[in-house]
């Protein structure tokens, strides 16, 4: 068991919220009961994760995508219903956004690097520049992510022209080296940082979304691009934090996978 405020302070110190200009308040977002015996984890705060956590009897729910926005003057509709459930059950809600992407050990990007045995050589936004230390092929990298994350099982679709192919539920553009040397990894909605990573020397970019201009950029720059999905690219951070808190505080924890292929 841990006191809610002690957990809030521990997380604040661990993730250094003050170092990030974020879209939300990081940390304790909705205050529940003082004493926490069971902590639920999920990627996103929504009705599904909330009901799963409440059904398990959680005293706190920790997510990557919590309540976004910093100034609230109204609480209506769907948001009112969710907050009412939190208050009725006495469950605290913690949201940790950019700090959970960027953490050098527990973060989404550090965990994505570890999946493919890549060496972190620098930073790019809340992600990292990587060296392909294991000398994995592009196909091997996708297979590793499929094995570690549990991405899709659907049939492979080969690329056509500059249109992406799909393998293991991962969108891919393969205009760069078959065995990448320098990679960049920015989890979640990181497509907008592709060109910044290219300017830093990346030949392969790994992220969680794809936009209209990306195939042309990949073709023109002769680089590879992997979209492993916003959700799947951000499952590892909350799982790593779950293990960390379970071991550090000897507290009961459970991760809820609300499968979302987007």
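Two numbers describe the Cα atoms of segment 103-234: Rg and Dmax, which are 12.9, 38 Å. Shape class of segment 82-171 from the alpha-carbon gyration tensor: oblate, with a/c at 1.5 or above and b/c at least as large as a/b. Taking one quarter of the surface of the C-alpha convex hull of segment 2-96 gives a mean projected area of 5.8 nm².
Estimate the FRET efficiency between residue 178 and residue 117 by the formula 1/(1 + (r/R0)^6), using the beta-carbon distance for r and 22 Å for R0, to the nearest 0.05. The partial results should precede the final answer.
On the way: r = 18 Å, r/R0 = 0.80.
FRET efficiency, residue 178 to residue 117: 0.80.
The calculated Kirkwood hydrodynamic radius for the chain is 19.1 Å, given to one decimal from all distinct C-alpha pairs.
Placing a pseudo-label 7 Å from each Cα along the Cα-to-Cβ vector at residue 131 and residue 213 gives an inter-label distance of 3.2 nm. Panel order for 78, 144, by other beta carbons found within 10 Å of each beta carbon, from fewest to most: 78, 144. Over the C-alpha atoms of segment 203-262, the Rg to Rh ratio, Rh being the Kirkwood estimate, stands at 1.20.
Note on the chain: with a GNM built from Cα contacts shorter than 10 Å, the maximum mean-square fluctuation among 143, 213, 29 falls on 213. Sorted ascending by nearby beta carbons within 10 Å, beginning with the fewest, 47, 12 become 47, 12.
Angle between the Cα long axis of helix 236-249 and the longest principal axis of the chain, 0 to 90 degrees, nearest 10? The answer is roughly 40 degrees.
Protection proxy ranking for 150-157, 36-43, 81-88, using the average of other Cβ atoms within 10 Å per residue and placing the highest first: 36-43, 81-88, 150-157. Taking Cα atoms, how many degrees apart are the long axis of helix 77-89 and the longest axis of the chain, rounded to 10 and kept between 0 and 90? Value to nearest ten degrees: 50. Protection proxy ranking of 250-258, 90-98, by the mean of other Cβ atoms within 10 Å over each peptide's residues and highest first, is 90-98, 250-258.
Segment 24-47 and segment 212-262 have Cα centres separated by 19 Å.
Using R0 = 35 Å, the C-beta based FRET efficiency linking residue 104 and residue 163 works out to 0.45.
The angle separating the long axis of helix 138-149 from the principal Cα axis of greatest extent in the chain is about 20 degrees.
At 20 °C and 1.002 mPa s, what whole-number value in µm²/s does Stokes-Einstein give for the translational diffusion of segment 91-131, with Rh from the Kirkwood sum over Cα pairs?
Working: Rh = 10.7 Å.
Stokes-Einstein gives a translational diffusion coefficient of 200 µm²/s.
What is segment 103-234's relative contact order, in percent, from Cα pairs under 8 angstrom and six or more apart in sequence?
Value for segment 103-234: 24 percent.
With the simple spin-label model, which puts each label point 7 Å out from Cα in the Cβ direction, the residue 48 to residue 257 separation comes to 1.2 nm.
Each label was represented as a point 7 Å from its Cα along the Cα-to-Cβ direction; for residue 199 and residue 87 these points are 4.7 nm apart.
Protection proxy ranking, highest mean first, for peptides 175-186, 122-133: 175-186, 122-133, where packing is the per-residue count of other beta-carbon atoms within 10 Å, averaged. Each stretch of four or more DSSP H residues adds -39500 (n - 2.57); spread over every residue of the chain, this sum gives -10000 deg cm²/dmol at 222 nm.
Each value in this text was obtained by applying a stated rule to the coordinates, not by laboratory testing. Note that the structure is a prediction, hence the values are computed from the model and not measured. Note: ideal-geometry Cβ built from the backbone for every residue, glycine included; neighbour counts use all protein chains shown.
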